[in-house]
1. Can you list the helices (runs of 4 or more DSSP H) lying wholly within segment A:203-306 that have 1 or more residues being surrounded by fewer than 19 Cβ atoms within 10 Å (Cβ to Cβ) and at the interface with chain B (Cβ under 10 Å from one of its Cβ atoms)?
2. Out of B:206, B:182, B:166, I need the residue that is away from chain A (no Cβ under 11 Å) and either among the aliphatic types (A, V, I, L, M) or over 20 Å from the mean Cα position of the chain (by Cα) (or both). Which one?
3. Among A:68, A:97, which is away from every other protein chain (no Cβ under 14 Å) and either aliphatic (A, V, I, L, M) or within 28 Å of residue B:124 (Cβ to Cβ) (or both)?
4. Would segment A:144-158 turn up any residue that is of a type outside the set (Gly, Ala, Ser) and crowded, with 22+ Cβ neighbours inside 10 Å?
5. Suppose we keep only residues that are modelled with pLDDT of 75 or more and within 8 Å of another protein chain (Cβ to nearest Cβ) within segment B:27-47. Which one would you say is nearest to residue A:200 (Cα to Cα)?
6. Return a yes/no flag: does segment A:331-342 have any residue that is in contact with a Lys or Arg (Cβ under 8 Å, 6 or more places away or on another chain), within 13 Å of chain B (Cβ to nearest Cβ) and closer than 15 Å to residue A:178 by Cα.
7. Please go through segment A:356-368 and give me each residue that is part of a helix (DSSP H, G or I) and surrounded by fewer than 24 Cβ atoms within 10 Å (Cβ to Cβ), ordered by number.
8. Could you tell me which of the residues B:129, B:178, B:115 is exposed (fewer than 15 other Cβ atoms within 10 Å of the Cβ) and under 24 Å from residue B:288 (Cβ atoms)?
Amino acid sequence: MTPDETLTTVLAADAVAPDAPTRPALDGWSRPVAPRTFRPQPGDDPIGPPRRIRGAAAEDAFNVVGALGAAAAVATLLFGWFTPMTGAVGWAVVTYLSFVVIYALLVALRADAQEVADRVMTALLYSAGAILIAALVFVVCFAVFRGFPALVNLNSFVQTMASAGPLDPLSVGGIAHAIVGTLIQISIALAITVPLGIATAVFMNEIGGRFARFVRTISDAMTALPSIVAGLFVYSAVIQLITHERSGFAASLAITVMMLPIVIRAADVVLRLVPANLREASYALGSSRWRTVWHVVLPTSRSGLVTAVILGTARGIGETSPVLLTSGVTAYLNVNPFSGPMISLPLQVFDFVKSPEPTMIARGFGAAATLILLVLLLFIVARIIGGKGPGQLSDRQRRARVARSHDDLRRIEARHRVPAPADDSAPASASAAPSAPKDPQ
Amino acid sequence: MTGAGAGADELTALLEPPEPPPVTAGARARALVSRPSAGDAVFRTLAYSAGGITVAIMLAVGFFLTIRGADALSVAGLSFFTTQEWSPETRTFGIAAVLAGTVTIALVAMCFSVPLATGTALLISEIVPPRFRSVLISLVDLMAAVPSVVYGLWGLFFLQENVIPVAEWISYYFGWIPVFAVTGADGQRLTDASQFTSSAFIAGIVVALMVAPTQTSVMREAFSQAPVGEREGALALGSTRWGMIRTVVIPFGRGGMIGGTMLGLGRALGETIAVYLIISPIFTINWQVLKTGSNSVSALIALRYGESSDFGLSALMAAGLALFIITLVINFTASTIVARSRSGAQSEG
């Protein structure tokens, strides 16, 4: 008996012997004895071609194309011949509706109801995604395209509107003052938001407790703050009460109020992802709480924190309505955030497009395109730096870390090696023996 | 056997509860109190104060709006919520019309954004091949960061003129539904193209595009967390992909869907610039969404803050406070629903 046969016999006996006689007694039915376990030997069955489990079959493609053609024909008939309906949009709507119906019918020729529902819903989901994403991309491309005539005049980036009136051509004047204002305002806002936001997120994660939960609730609620309300708040609390004039600093405070909750929430999520056993290891080595945060938690989540800050910046840079109430409109370059109005790019766009002059509107689109490109740049930077969980390193970072580790090793070895050649007496060599077994003693 | 017996004895000895230590008078559990180091004390103080400042900012927003708006609220009283007119100079003002306009625009926006966002979220999380997935996710996230003034520009210079035939078409064929009717003061149907500009419908479409990316990413995150085992179970039982989505993914992500919708609603209610650029402000309630003229609380503030007297500003603060409270309630509910629908966020590396 080979081991295999023994196993099979034992298994079969086990499976059949105890309950085969009892079954007919229980319910009066005699059942066939359970078949023996069959193990296919490799090579028994011919291997067919691999089944395609991804991609669409040719029939599906035919269904889609056929339904589209039929739907277009039906809509054209309805609009051109049979009914008095007119209009391109109506034609598109009728085409789409009849596409869905005809596609369902075509699928139903070969499949059951569940398959029909599956195919139709898939088509609907695809069209929802296509409509939304196409519309969003179109919005952005529209602004960039219309802004192109203003952007090709390079004076847009170096001149201000101080020298240009509404009737001047695009080759005079520019938005340099708005670009500078945007950068100054967002810098001040970042200088407040980054320490405050990250410290708040650290507080919620590392210290915890009831007050931390309260802070989390409040910062969640702050994301709900309508932007115009942030502007009203700064207007009443800072401008009316303290400064009595609109300024870039007030605008950056309003931007701060908008950015802070975004940064806090994003940083909170990132810090929560730091593995707890890293913290525990740090505590077990005897480090204090702030050293753990400073040397373990924050470096581990550095890339995620940078992403959080950049995403907050991208949102803050585009805020119009808080700035509308707090910074004031100006055509002059003002680099002092504490006195006088200081305009930013979104506000400049808003101000330009309210004018009836086509050149001013073109300038508005140019400023909007600049703003979009700025946001796009920030977003790309965020994607390059971030998008990785804490502790996930890029190749370069990993090599740097390995090199640092080797340095540490060399340093430690050097420290242990120094006393050994200097002093060759018995106690020294005894203490050095475990770490240096090749000692010629 | 003796060895085994001894083993059994040891076992019983181990299973027996140990003798409680003799109680001596005055002995208590040792208090586990440690004195934090100086660095830790500073760290705790800093962290607590950061949290405190964040809370203080939020409370200050409510506080200042209430203080400044109290003046106007005490003059207007309850009529603040029922008056449609807005002229603080003559002491007749209220947010009935602007609030109705805000709600109309937000509802129109939801009608467009919720189906599109849900569809896109399902498409990204369930249907699209994995290699396109990350591209689409980045694209949608990027659109959430596009400034609102850009959407406003598009609405003003492109959508406005191109959507008028659609609005006319809808009101022509569906005018029997009261919301889609466009009638004059005497109930006569209006067909002039100028009656269809600057409407809540157009503003709603623009706001829908602005809030849809946010909604999409909240919903997508909820959908993608549906447990793999249940998905595979549904497919293994012979379900089609849509059957799996309907029975596993959507029930699992329902909290995220509701929460995402409400988060979008909150943003739609507070949106200022795009609405301001598109609508032509009126101060009467207009439920005919296709007809020219609408208003919203935030557009009212942006429109009137510059020319207002002290009392007028106070009235605007009161309107801002009302908007603030409404969006706060909606978003707070939304974030509670989203947080409750999510499984534990703890991780162990």
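1. Ranges flagged: A:210-222, A:248-272, A:276-284, A:289-292.
2. Working: B:206 fails: away from chain A (no Cβ under 11 Å); B:166 fails: away from chain A (no Cβ under 11 Å).
Among B:206, B:182, B:166, only B:182 is away from chain A (no Cβ under 11 Å) and either among the aliphatic types (A, V, I, L, M) or over 20 Å from the mean Cα position of the chain (by Cα) (or both).
3. Within the list A:68, A:97, the selection yields A:68.
4. Within segment A:144-158, the subset of a type outside the set (Gly, Ala, Ser) is A:144-146, A:148-149, A:151-155, A:157-158.
Next cut, crowded, with 22+ Cβ neighbours inside 10 Å only: none.
Looking through segment A:144-158, none of the residues is of a type outside the set (Gly, Ala, Ser) and crowded, with 22+ Cβ neighbours inside 10 Å.
5. Filtering first and then ranking leaves B:47.
6. Yes, because at least one residue in segment A:331-342 is in contact with a Lys or Arg (Cβ under 8 Å, 6 or more places away or on another chain), within 13 Å of chain B (Cβ to nearest Cβ) and closer than 15 Å to residue A:178 by Cα.
7. Within segment A:356-368, the first condition is being part of a helix (DSSP H, G or I), and the residues that meet it are A:358-368.
Scanning segment A:356-368 gives A:358, A:359, A:360, A:361, A:362.
8. On the way: B:129 fails: under 24 Å from residue B:288 (Cβ atoms); B:115 fails: exposed (fewer than 15 other Cβ atoms within 10 Å of the Cβ).
Exactly one residue qualifies, and that residue is B:178.
The values are calculated or read from the model by the stated rules, or taken from the named source; none is laboratory data. Values in this document were obtained by computation on a predicted structure and should not be read as measured data. Methodologically, a virtual Cβ is constructed for each residue, glycine included, from the backbone with ideal geometry; neighbour enumeration extends over all protein chains shown.
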